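Presented below is the structure to which this report refers.
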């Protein structure tokens, strides 16, 4: 690697972005060659890519003796556990912010303010048997709220969120960050983030980052977002499911969840998760086994990515930003 490229990658490494992450996951397009750093025009174009996708102030990139500085991303409400610092979540916030900001600029339909949980539920149940992940993601896109999944963050990102919501000039965007393909697990996070949007918890031109979304509200805003999610997904507030026997078999739990879910228009995986949350302790492996019985080949992340590919107006983005957004969410560019 040439000296110019080496020096730049060292500067980027100092703020948390490794060369493999920049080249293979984010920032630079796939056609980029590091020899371009030695050319004045090529270097200027490279700075644009890095600034646009990593949020680095381009003036500091162009001055080798200056410490790299990130752009002002506005206010972020960090909803974190007691042992986590904002610094540990900062790099995750940067990537989630840039991905969400790009998505917001390429949504063609106008934003319709998120209604109450019961209105959303009734709307979805007009054409669906339950409020599931796919139907809720579809509702968001139709309302002008992009929903994307990003779980590949820089290695220096010591902590990663489960959910992240951004607001740009009134329009929200939701980023799901849990690296898990079970639809029910992504579903509750999405419903929780919608609760934040409904209650106007997300600062204008700012964001809200949820380190954890597990039904255990850390503060008043988290509790109200949880309550919104529970009502949306279950049709009533305070829904809690129990089953005969303290520790049922996975097969029994799956069968009961399937029957109850169908009868009451509730996602069956959600019934399993709710039941497991009530039992607590070491029951989660049994619950996960029940989820596999209900859905042997879950593809939650794939379904979110498919909807991004279909719904975003890609012509509104520069080509390199389209590639960045598809790479960071793990999708190939649409044909």
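Please determine whether any residue of the stretch 20-32 is in contact (Cβ under 8 Å) with a residue 12 or more places away in the chain, in contact with a helix residue (DSSP H, G or I) (Cβ under 6 Å, 6 or more places away or on another chain) and farther than 23 Å from residue 321 by Cβ. Among the residues of the stretch 20-32, not one is in contact (Cβ under 8 Å) with a residue 12 or more places away in the chain, in contact with a helix residue (DSSP H, G or I) (Cβ under 6 Å, 6 or more places away or on another chain) and farther than 23 Å from residue 321 by Cβ, which makes the answer no. Tallying residues that are assigned to a loop (DSSP other than H, G, I, E, B) and either over 16 Å from residue 278 (Cβ atoms) or modelled with pLDDT under 75 (or both) within the stretch 212-237 yields 8. Here residue 148 passes the criteria (1) in contact (Cβ under 8 Å) with a residue 24 or more places away in the chain; (2) surrounded by fewer than 24 Cβ atoms within 10 Å (Cβ to Cβ); (3) more than 24 Å from residue 272 (Cα to Cα) except the one numbered (2).
For residue 193, the requirement of being part of a helix (DSSP H, G or I), under 25 Å from residue 101 (Cβ atoms), in contact with a strand residue (DSSP E or B) (Cβ under 6 Å, 6 or more places away or on another chain) and in the same structural domain as residue 97 (by TED's automatic domain parsing) is met. Put simply, of 291, 270 the only residue that is under 30 Å from residue 104 (Cα atoms) and not assigned by TED's automatic domain parsing to the domain that holds residue 90 is 270. Here residue 58 clears all of (1) out of contact with any strand residue (DSSP E or B) (no Cβ under 6 Å at 6 or more places or on another chain); (2) surrounded by 13 or more Cβ atoms within 10 Å (Cβ to Cβ); (3) closer than 30 Å to residue 223 by Cα except the condition numbered (3). Would you mind stating whether residue 318 is touching a residue at least 24 places away in the same chain (Cβ under 8 Å) and within 21 Å of residue 96 (Cα to Cα)? Yes. If only residues of the stretch 136-145 that are free of Cβ contacts under 8 Å to residues at least 60 places away in the same chain and touching a strand residue (DSSP E or B) at 6+ places or on another chain (Cβ under 7 Å) are counted, the one that is surrounded by the fewest Cβ atoms within 10 Å (Cβ to Cβ) is 144.
Taking the criterion of being touching a residue at least 40 places away in the same chain (Cβ under 8 Å), surrounded by 15 or more Cβ atoms within 10 Å (Cβ to Cβ) and closer than 24 Å to residue 330 by Cβ, would at least one residue in the stretch 41-48 satisfy it? No, the conditions are met nowhere in the stretch 41-48.
Residues that are closer than 18 Å to residue 58 by Cα and surrounded by fewer than 16 Cβ atoms within 10 Å (Cβ to Cβ) within the stretch 24-40 comprise 38, 39, 40, listed in sequence order.
Looking at (1) surrounded by fewer than 18 Cβ atoms within 10 Å (Cβ to Cβ); (2) outside any helix (DSSP H, G or I); (3) at pLDDT below 90, find the lone condition where residue 63 falls short. Only one criterion is unmet by residue 63, namely (3). The listed residues are 228, 164, and the only one of them that is at negative phi, in contact (Cβ under 8 Å) with a residue 40 or more places away in the chain, surrounded by 24 or more Cβ atoms within 10 Å (Cβ to Cβ) and touching a strand residue (DSSP E or B) at 6+ places or on another chain (Cβ under 7 Å) turns out to be 164.
The values are calculated or read from the model by the stated rules, or taken from the named source; none is laboratory data. What you see is a predicted model, and the numbers here were worked out from it, not measured in a lab. Note: ideal-geometry Cβ built from the backbone for every residue, glycine included; neighbour counts use all protein chains shown.
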